[in-house]
1. Provide 304, 53 in ascending order of the number of other Cβ atoms located within 10 Å of each residue's Cβ, fewest first.
2. Could you tell me the calculated FRET efficiency between residue 195 and residue 154, based on Cβ-Cβ distance and R0 = 45 angstrom, to the nearest 0.05?
3. Mind counting lysine pairs for me in the chain? Cα separation below 21 Å, and the two need to be 8 or more apart along the chain or on different chains.
4. Expressed as an acute angle from 0 to 90° and rounded to the nearest 10, what is the orientation of the C-alpha long axis of helix 207-217 relative to the principal long axis of the chain?
5. Treat the count of other C-beta atoms within 10 Å as a stand-in for reagent exposure and order 191, 232, 79 from fewest to most.
6. Using Cα pairs closer than 8 Å and at least 6 residues apart in sequence, work out the relative contact order for the chain, in percent.
7. Going by alpha carbons, how many degrees (0 to 90, nearest 10) lie between the helix axis of 271-287 and the longest principal axis of the chain?
8. In which sequence would 55, 156, 92, 214 go, from the one with the fewest C-beta neighbours within 10 Å to the one with the most?
Amino acid sequence: MNKGFRTNSRARSAEPALIRFWGVRGSIPAPGPGTVRYGGNTSCVEIRADGQIIILDAGTGLRLLGRHLLAEAKEQPLELTLLLTHTHWDHIQGLPFFSPVYQPQNHLRVLGYEGARHGLAVVLAGQMATPFFPVRLREVPANVRIRELKQRRFQIGPVRVQARPANHPGKCVGYRLFTSCGSVAFFPDHEVPVADDAGAPGRIPAPAANRAMIQFLHGADVLIMDTQFDAEEYRQHRGWGHGCMDAVVELALQAKVKTLFLFHHAPDHDDAKVARMLARARRIVARRKGSLRVNAAREGMTVILPPAGRAGGGADAATNG
Ligand SMILES: [Zn+2]
Ligand SMILES: [Zn+2]
């Protein structure tokens with residue numbers, strides 16, 4: 001049972017759920033003047049709901065989240081759950097620099113599926129083994145427990161979680177978290193399969209291949225999904241395991257998702273390019289007369305899901321920009 005801050009451990013279902021983006025980039029960190037607006041850190045999203053602090057992926061954005069958590073906790077013990085989608089570098093590299101693991105009062109539970117037949121714990125310890133890092137994972141002072149998941153459905157306190165394989169090289173999953181304020185789906189790395197005869201790949205997802213995914217995502221309040229490529233780039237990168245933005249918007253429309261966040265921005269996409277992709281995504285929705293809201297995930301952005309039952313409860317993800 002995981003309770004965020006131990007001294008403030010009540011599940012507070014009357015409070016809104018929060019989603020914070022700490023890293024939104026794919027593949028490799030991309031700092032520099034061209035990525036200042038959307039940010040250069042890799043995959044890391046924080047969810048606070050029902051008394052839980054749940055971290056989705058441990059990309060380089062995790063370092064910033066760690067600093068924020070320690071400043072907020074003021075020496076109080078932290079109880080954190082980290083859910084990993086897979087063990088590619090851009091989803092685990094922040095872990096050695098996650099400062100809460102260097103304080104003995106903190107507890108971190110890491111949940112994920114096996115990493116490329118070596119076992120999750122072996123893979124995570126590997127990136128901190130000599131000669132890659134000076135401190136071994138088993139030497140950190142905090143209580144870190146790594147649990148390799150076998151089942152697809154589980155609970156994090158009162159938050160119900162479902163996992164589903166993603167279309168991505170190696171073992172990779174996405175998650176849907178059901179909070180008292182609505183549900184959040186997270187697929188940072190996923191290629192939406194497109195129909196072979198679609199003419200322009202990326203325009204229309206292959207219906208049969210996507211039916212199960214549409215069902216899995218159906219009615220999600222928030223979907224955070226890999227939109228690494230535009231339609232033109234996707235033609236050159238088909239089968240690489242990353243999403244074509246046009247196809248992801250189509251998928252979200254079919255799944256009746258309420259708000260979609262473009263995510264896993266390509267390291268070579270500067271802020272202007274991400275903004276153009278967002279504008280195009282919104283045009284696709286307008287053309288389809290859809291009610292889907294689309295935004296591009298940005299480092300530092302907070303999304304609020306109001307408690308169910310309140311006006312717009314669960315359905316109205318309000319962002320800070
Ligand atoms: Zn990735
Ligand atoms: Zn990956």
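1. 304, 53
2. E between residue 195 and residue 154, to the nearest 0.05, is 0.85.
3. Taking the chain as the scope, the lysine pair count is 4.
4. 40 degrees
5. Ranking 191, 232, 79 by Cβ neighbours within 10 Å, fewest first, gives 232, 79, 191.
6. 18 percent
7. On a 0 to 90 degree scale, this one is about 50.
8. Placing the least packed residue first, the sequence is 214, 156, 55, 92.
Read the figures in this text as sums done on the coordinates, not as results from a lab. This is a predicted model, so every value here is computed, not measured. All Cβ positions, even for glycine, are placed from backbone atoms using ideal geometry, and neighbour counts span all protein chains on display.
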